[in-house]
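The values are calculated or read from the model by the stated rules, or taken from the named source; none is laboratory data. What you see is a predicted model, and the numbers here were worked out from it, not measured in a lab. Cβ sites come from the backbone with ideal geometry, for glycine too, and all protein chains shown count toward neighbours. What goes into the accessible areas is simple: the full protein's heavy atoms, side chains included, and nothing from ligands, DNA or RNA. Shrake-Rupley method; radii C 1.70, N 1.55, O 1.52, S 1.80 Å.
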Amino acid sequence: MKALRVDKKKLTVREIEKPEAGGEALVRVLLSGICNTDLEIVRGYAGFKGTIGHEFVGIVEESSERKLVGQRVVGEINAGCGQCELCSAGDPRHCRDRTVLGILGRDGAHAEFLRLPTINLHPVPDMVVEEHAVFAEPLAAACGIMERVAIDKSHRVAVIGDGKLGLLCAQAIALTGAGVLLVGKHAEKLRIAERRGIETASPRTMAGRKREFDVVVEASGSPSGFVGALELLRPRGTLVLKSTFQGPGKVEEIDQARFVVDEITILGSRCGRFQPALDLLNKGAIDIDSLISEEYSLAKGVHAMERAGRKGVLKVLLRP
């Protein structure tokens with residue numbers, strides 16, 4: 001089968017052996033989505049070698065659960081050991097021995113086939129088209145913010161970054177009734193949020209809004225976003241970090257005394273549960289179509305990755 005592979009920062013589309021189910025589910029990939037994390041992995045993030053990609057929708061070809069065979073599915077990306085306390089409690093996201101689809105110890109979704117534990121798979125509602133279903137993983141990550149911090153209509157929330165994840169975060173948080181401001185540099189991207197009734201602003205207009213927000217979500221994908229996000233937080237506010245990137249952050253630029261003096265809470269937020277995301281997709285509650293920029297065949301995966309890294313480009317999809 002064809003697969004988009006990375007090895008020592010070199011990206012190629014290669015023919016490799018089709019995986020065997022081996023006690024897991026074998027999924028034929030219908031569509032996969034290029035994420036900023038994929039771009040960072042090629043730059044060296046996570047030290048991964050193999051098939052990249054973790055956003056997908058596919059059809060189950062083999063599974064011990066016969067009712068899943070032939071169904072369209074999406075899949076949670078963390079595969080736990082199945083034995084530890086976390087896995088036994090039904091949450092392998094931080095299992096010490098986990099593998100992560102296309103990120104850690106497990107070949108990913110930019111391929112014709114992939115394998116995942118059956119427990120990771122979620123059937124896609126009939127009304128959800130493939131191009132929307134492939135967003136289940138990043139939308140789950142956006143919904144995961146609400147797992148980490150309680151947000152309701154009494155809160156003022158700022159989201160830093162108008163890329164794919166920032167736009168999903170802003171839309172998901174706005175559904176709580178909270179007042180949401182999306183801060184970004186691209187007028188055409190900000191208009192996507194504005195059409196959903198979300199307030200927007202550019203970084204240069206934010207000087208007068210320091211210490212105004214109860215919660216700030218940093219989703220810019222840039223180390224500098226941390227500094228700007230911190231300035232917007234009120235005392236006893238919560239900073240939620242969503243960005244992952246290769247290389248060190250600029251910690252020396254941060255007034256670390258503020259964490260103590262203003263009693264700031266800092267939370268990391270990574271993967272969310274898929275069911276809330278699928279429910280939102282089924283209701284049509286999120287504008288997905290505006291987030292899709294381009295689609296390529298898997299054979300053109302290297303070019304697609306180059307396009308996904310261009311400024312102004314949102315989601316790039318790959319079809320095997």
Quiz item: What is the residue count in segment 296-314 for residues that are in contact with a Leu (Cβ under 9 Å, 6 or more places away or on another chain) and farther than 19 Å from residue 51 by Cβ?
Solution: 1
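Residue by residue, here is whether (1) touching a residue at least 12 places away in the same chain (Cβ under 8 Å); (2) touching a strand residue (DSSP E or B) at 6+ places or on another chain (Cβ under 9 Å); (3) in a loop (DSSP other than H, G, I, E, B); (4) open to solvent by 30 Å² or more (accessible area, probe 1.4 Å) holds:
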| position | (1), (2), (3), (4) |
| --- | --- |
| 260 | no, no, no, yes |
| 263 | yes, yes, yes, yes |
| 272 | yes, no, yes, no |
| 276 | yes, no, no, yes |
| 281 | yes, no, no, no |
| 286 | yes, no, yes, no |
| 290 | yes, no, no, yes |
| 295 | yes, yes, no, yes |
| 299 | yes, yes, no, yes |
Practice problem: Give segment 45-57 a look and list any residue that's more than 20 Å from residue 222 (Cα to Cα) and open to solvent by 50 Å² or more (accessible area, probe 1.4 Å), or say none. | Solution: 49
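Any idea how many residues of segment 70-126 are among the acidic types (Asp, Glu), under 14 Å from residue 56 (Cβ atoms) and touching a Cys at 6+ places or on another chain (Cβ under 8 Å)? Show your work before the answer.
Residues of segment 70-126 among the acidic types (Asp, Glu): 76, 85, 91, 97, 107, 112, 126.
Then drop every residue that is not under 14 Å from residue 56 (Cβ atoms), which leaves 76, 107, 112.
Subsequent filtering for residues that are touching a Cys at 6+ places or on another chain (Cβ under 8 Å) retains 76.
Of the residues in that region, 1 qualify.
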Quiz prompt | strands (runs of 3 or more DSSP E) completely within segment 76-167 that count 1 or more residues being open to solvent by 30 Å² or more (accessible area, probe 1.4 Å) and farther than 24 Å from residue 239 by Cα | solution = 99-101, 113-116, 121-123
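Only one of 27, 60, 42 is more than 24 Å from residue 121 (Cα to Cα), open to solvent by less than 60 Å² (accessible area, probe 1.4 Å) and modelled with pLDDT of 95 or more; which? Spell out how you get there, then give the answer.
On the way: 27 fails: more than 24 Å from residue 121 (Cα to Cα); 60 fails: more than 24 Å from residue 121 (Cα to Cα).
Answer to the check: 42.
Does residue 106 count as modelled with pLDDT of 95 or more and basic (Lys, Arg)?
Considered against the rule, which asks whether it is modelled with pLDDT of 95 or more and basic (Lys, Arg), residue 106 comes out as yes.
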Quiz prompt | Evaluation of residue 311 against (1) in contact with a Cys (Cβ under 6 Å, 6 or more places away or on another chain); (2) within 25 Å of residue 188 (Cβ to Cβ); (3) not aromatic (Phe, Trp, Tyr) (one fails), failing number | solution = (1)
Quiz item: Restricting the first residue to segment 194-221 and requiring it to be within 22 Å of residue 285 (Cα to Cα) and open to solvent by less than 30 Å² (accessible area, probe 1.4 Å), which pairs with a second residue that is part of a loop (DSSP other than H, G, I, E, B) and polar (S, T, N, Q) meet a Cβ separation below 7 Å and a spacing of at least six or different chains?
Solution: 219/243
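Tell me, yes or no, whether segment 309-320 has at least one residue that is of a type in the set (Val, Ile, Thr) and either surrounded by 21 or more Cβ atoms within 10 Å (Cβ to Cβ) or not in a loop (DSSP other than H, G, I, E, B) (or both). Even if it seems obvious, please write down each step before you answer.
Initial filter on segment 309-320 (of a type in the set (Val, Ile, Thr)): 313, 316.
Checking which are either surrounded by 21 or more Cβ atoms within 10 Å (Cβ to Cβ) or not in a loop (DSSP other than H, G, I, E, B) (or both) leaves us with 316.
Looking for residues that are of a type in the set (Val, Ile, Thr) and either surrounded by 21 or more Cβ atoms within 10 Å (Cβ to Cβ) or not in a loop (DSSP other than H, G, I, E, B) (or both), one finds at least one in segment 309-320, hence yes.
When you scan segment 155-169, do you find a residue that is touching a helix residue (DSSP H, G or I) at 6+ places or on another chain (Cβ under 8 Å), in contact (Cβ under 8 Å) with a residue 12 or more places away in the chain and at positive phi, even just one? Reasoning before the result, please.
Filtering segment 155-169 for residues touching a helix residue (DSSP H, G or I) at 6+ places or on another chain (Cβ under 8 Å) gives 157-165, 167-169.
Those still in the list that are in contact (Cβ under 8 Å) with a residue 12 or more places away in the chain too: 157-165, 167-169.
Still in the running and at positive phi: 161.
Yes.
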